[in-house]
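Read through the structure below, which is laid out as structure tokens, and then see the notes.
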Amino acid sequence: MSNRKDLDDTINKLGLRAAILVVVLGAVSGFFPLDAPHGAFGDRMLWYSHNLTAFTLGWAVQMIAMLVLSGFFATIAWTARSSHPISSFLAGTALLISVVCFLIPKFIAIWSIPQLVEASTHMSHDAELAGQLFQLLHPSLSFSLFTSFDYLGFWMYAIFALFLVAPLYRLSTDAKIAAAIFGLFGVLYHALLLGVMFGGIASEEIGDYANMLFLLLLIPVIAMGLYFRTQVKNMADG
């Protein structure tokens, strides 16, 4: 029993630290560019050649932030395991899939795109192939291979969120707030997917809607951060 309480205490502390780190990394990532301005292919390549370091660092921060956020979500799933073990397991499975989905485009941004830009700007013998591949890995187009993995990762986040609504609603007020926003995020993201599939949302609008929905997740981060802080304090007092 003591080992379980110690483990719960450790998870609560990790959750609190992860919540703080997510907010910090989110603020830091705002200082880095994640894509070139829209324009002709040559203009975009010129922008990349001058801003490649900042672009790569920006996506490296994004990767770290995603891993920390996913770790934070994992601590929430752990919190729900006692009352809803199956929901917690399914949420954790969706979370694991999301990590894989998110890692692919972020690794492409850090690894592949810099090499494609270098091959194109230096007119190497692979320049033509690099240009063709770069179009497939466009970080902003909603139908590119790059963003398709991102949207799949967000879909897994939405499924994760829906599985945790009921377990979290059984806990404190902070957890109830997180549960309500998780439920809203899960429903709205699925509505976004249906809107795109049935033609109700134009392709160029998908990114704006997805970004607004992603900002909703900041509320559960703060709410569950407060929940974990209370749990850590109770453990210390008790």
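Where a number appears in this text, it was derived from the coordinates with a stated rule and is not lab data. Bear in mind the structure is a predicted one, so any value in this text is a computation, not a measurement. Glycine also receives a Cβ, built like all others from the backbone with ideal geometry; neighbour counts cover every protein chain displayed.
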- Note on the structure: Looking only at lysines whose Cα falls under 29 Å of residue 176's and that sit 8 or more positions away or on another chain, we get 5, 13, 233
- So how tilted is helix 85-107 from the main axis of the chain? Cα-based, degrees 0 to 90, rounded to 10. 20
- Label point at residue 6 placed 7 Å out along Cα→Cβ; residues across segment 53-88 whose backbone nitrogen lies under 20 Å: 79
- Query: Does anyone have the angle between helix 127-136 and the longest principal axis of the chain? Alpha-carbon axes, 0 to 90°, nearest 10?
  - Reply: 40
- Message: Between 72, 102, 41, where does the largest GNM mean-square fluctuation fall for the chain, given springs only between Cα atoms within less than 10 Å?
- Response: 41
- Item | Peptide ranges 173-182, 21-30, 140-149 listed from the most packed, as the mean C-beta count within 10 angstrom indicates | 173-182, 140-149, 21-30
- Item | Length added when fully stretched, residue 233-residue 21, from 0.36 nm per residue minus Cα-Cα | 74.4 nm
- Item | Average Cα contact separation per residue, the chain, under 8 Å, 6 or more apart, as relative contact order % | 22
- Query: Relative to the present Cα-Cα distance, how much length would full extension add between residue 197 and residue 13 at 0.36 nm per residue of separation?
  - Reply: 62.1 nm
- Message: Students often get this wrong, so try it: which of (i) 19.3; (ii) 17.6; (iii) 18.5 is Kirkwood radius over Cα pairs in Å as calculated from the structure shown?
- Response: (i)
- Message: With just the Cα atoms defining each centre, how far is segment 1-56 from segment 94-161? Give it in Å.
- Response: 16
- Query: Between 234, 138, 11, whose Cα lies farthest towards the positive end of the dipole of the chain when Lys and Arg beta carbons carry +1 and Asp and Glu beta carbons carry -1, centred on the Cα centre?
  - Reply: 234
- Residue separation between residue 60 and residue 100 times 0.36 nm, minus their alpha-carbon distance, gives in nm 12.9 nm
- Message: Taking the Cα centre as origin and putting +1 on Lys and Arg beta-carbons and -1 on Asp and Glu beta-carbons, what dipole magnitude results for the chain, to the nearest 20 debye?
- Response: 1020
- Counting each DSSP H run of 4 or more residues in the chain as -39500 (n - 2.57), what helix-only mean residue ellipticity at 222 nm follows after dividing by all residues, to the nearest 500 deg cm²/dmol? -27000 deg cm²/dmol
